[in-house]
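Colleague: This structure is in structure tokens; I'll ask about it shortly.
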Amino acid sequence: MKLFKLCLVLVLISLSFISNAEIVTENFRVMMAPKIAKNTAGYGVIKNTGSEADTLNSVCSDTVDVMFHKTEIRSGMAKMVHLSDVVIKAGQELVLEAMSYHLMLFDFHSAEFKEGGKITFFLNFKKAGVVKVEASIITTDSS
């Protein structure tokens with residue numbers, strides 16, 4: 001409930017800004033987790049089609065706990081690093097994919113998490129405000 005309230009506050013604050021940043025999302029999906037898994041990943045593309053850079057400050061959901069991560073290779077080992085924000089330059093895109101940037105989902109309930117289902121995310125941008133994204137739950141990633 002605290003996460004939902006925080007998400008709602010961020011949404012309301014972000015709605016008060018007007019900017020030239022325009023954010024478009026494509027092909028968002030969440031990987032179906034095995035029954036024993038406690039987390040899974042979300043992927044997609046975030047495009048800044050506006051005329052100025054914008055910063056993704058946070059991501060939240062009213063269904064699951066979610067964090068924005070980037071996989072980095074250090075000394076031959078893959079490590080997931082939590083990112084507090086990321087800048088997307090004007091005319092650029094941020095691709096969320098395996099072994100790179102991605103959404104990390106925690107504490108989901110298997111009853112809510114079914115193949116073909118949907119999860120809603122709220123991407124909170126400094127200039128563009130809140131962008132609502134619906135992600136399909138899939139078993140394999142063919143993208």
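Colleague: Scan segment 97-107 residue by residue and report those that are surrounded by 14 or more Cβ atoms within 10 Å (Cβ to Cβ) and part of a loop (DSSP other than H, G, I, E, B).
Modeller: Glu97 - this is the single residue of segment 97-107 that is surrounded by 14 or more Cβ atoms within 10 Å (Cβ to Cβ) and part of a loop (DSSP other than H, G, I, E, B).
Colleague: Any chance segment 75-88 includes a residue that's closer than 16 Å to Phe28 by Cα and surrounded by fewer than 13 Cβ atoms within 10 Å (Cβ to Cβ)?
Modeller: No, segment 75-88 contains no residue that is closer than 16 Å to Phe28 by Cα and surrounded by fewer than 13 Cβ atoms within 10 Å (Cβ to Cβ).
Colleague: Also, quick follow-up: Only residues that are exposed (fewer than 11 other Cβ atoms within 10 Å of the Cβ) and in contact with a strand residue (DSSP E or B) (Cβ under 9 Å, 6 or more places away or on another chain): list them for segment 108-122, please.
Modeller: Across segment 108-122, the qualifying residues are Lys114, Glu115, Gly116.
Colleague: Here's another thing I want to ask about it. Has segment 66-78 got at least one residue that is within 18 Å of Lys126 (Cα to Cα), modelled with pLDDT of 90 or more and more than 12 Å from the chain's Cα centre (by Cα)?
Modeller: There is no residue in segment 66-78 that is within 18 Å of Lys126 (Cα to Cα), modelled with pLDDT of 90 or more and more than 12 Å from the chain's Cα centre (by Cα).
Colleague: Within the bounds of segment 64-79, is there any residue that is farther than 16 Å from Asn39 by Cα and among the charged types (D, E, K, R)?
Modeller: Yes, the conditions are met somewhere in segment 64-79.
Colleague: Looking at (1) outside any loop (DSSP other than H, G, I, E, B); (2) under 17 Å from Val130 (Cβ atoms); (3) modelled with pLDDT under 95, which one does Leu94 not meet, given that it meets all the others?
Modeller: (3)
Colleague: Restricting to segment 64-91, give me the number of residues that are under 18 Å from Ala53 (Cα atoms), in a strand (DSSP E or B) and either in contact (Cβ under 8 Å) with a residue 40 or more places away in the chain or touching a His at 6+ places or on another chain (Cβ under 9 Å) (or both).
Modeller: Number satisfying all stated conditions: 1.
Colleague: Residues being among the charged types (D, E, K, R) and under 21 Å from Lys132 (Cβ atoms): count how many of those fall in segment 35-54.
Modeller: Here the count works out to 2.
Colleague: Does Ala111 meet the test of being at pLDDT 90 or above, over 12 Å from the mean Cα position of the chain (by Cα) and not in a strand (DSSP E or B)?
Modeller: Here the answer is no, as Ala111 does not meet what is asked.
Colleague: For segment 39-47, state whether one or more residues are part of a loop (DSSP other than H, G, I, E, B) and more than 11 Å from the chain's Cα centre (by Cα).
Modeller: The answer is no, given that none of the residues of segment 39-47 is part of a loop (DSSP other than H, G, I, E, B) and more than 11 Å from the chain's Cα centre (by Cα).
The values are calculated or read from the model by the stated rules, or taken from the named source; none is laboratory data. Bear in mind the structure is a predicted one, so any value in this text is a computation, not a measurement. Here the Cβ is made from the backbone with ideal geometry for all residues, glycine too, and neighbour counts use every protein chain on show.
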